[in-house]
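See below for the structure under consideration.
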Amino acid sequence: MKTIICGDVVPGCHTMIRAETEADLLHKVSDHIRTAHQLNVTPKLLEKARGQIRDAAPSDAGSQ
Ligand SMILES: [Zn+2]
C-alpha cells in the first residue's frame, strides 16, 4: 500500500491518497490535482509527487 499527502505536492492541501501500487497512486493523484485544484499535471509535478510517495504499513486490516 502506497500513500501520499497531496500537500507535499500542492501546499495547503490535507488530502491523503492511497493506492495499491505507485502507478495507481500517481494516477489518483493526477486526478485529484486536476479536479480538486484545477492544476495542469505536468511531468515535473508528477516527478515531484513520485518523490513524496510513502509505504504505508499495513495496519490492522490484515486478513490473508
Ligand atoms: Zn489536494
Show me the GluC sites (Glu not before Pro) within the chain that DSSP assigns to loop and that have at most 15 other Cβ atoms within 10 Å of their Cβ. 20
With -39,500 (n - 2.57) per DSSP H segment of 4 or more residues and division by the full residue count of the chain, the 222 nm estimate, nearest 500 deg cm²/dmol, is -12500 deg cm²/dmol
Residue 15's amide H: which non-local residues (gap 5+, or another chain) put their own amide H closer than 5 Å, with H modeled 1.01 Å from N in plane and none for Pro or chain starts? 6, 7
Over the chain: Kirkwood hydrodynamic radius from C-alpha pairwise inverse distances, Å: 12.0 Å
Helix 22-37 versus the longest principal axis of the chain: what angle, 0 to 90°, nearest 10, using Cα atoms? 40 degrees
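Rule-based calculations on the coordinates, nothing more; no lab input. Keep in mind that what you see is a predicted model, and the values were worked out from it rather than measured. Positions of Cβ are generated from backbone atoms using ideal geometry, with glycine treated the same way; all protein chains shown enter the neighbour counts.
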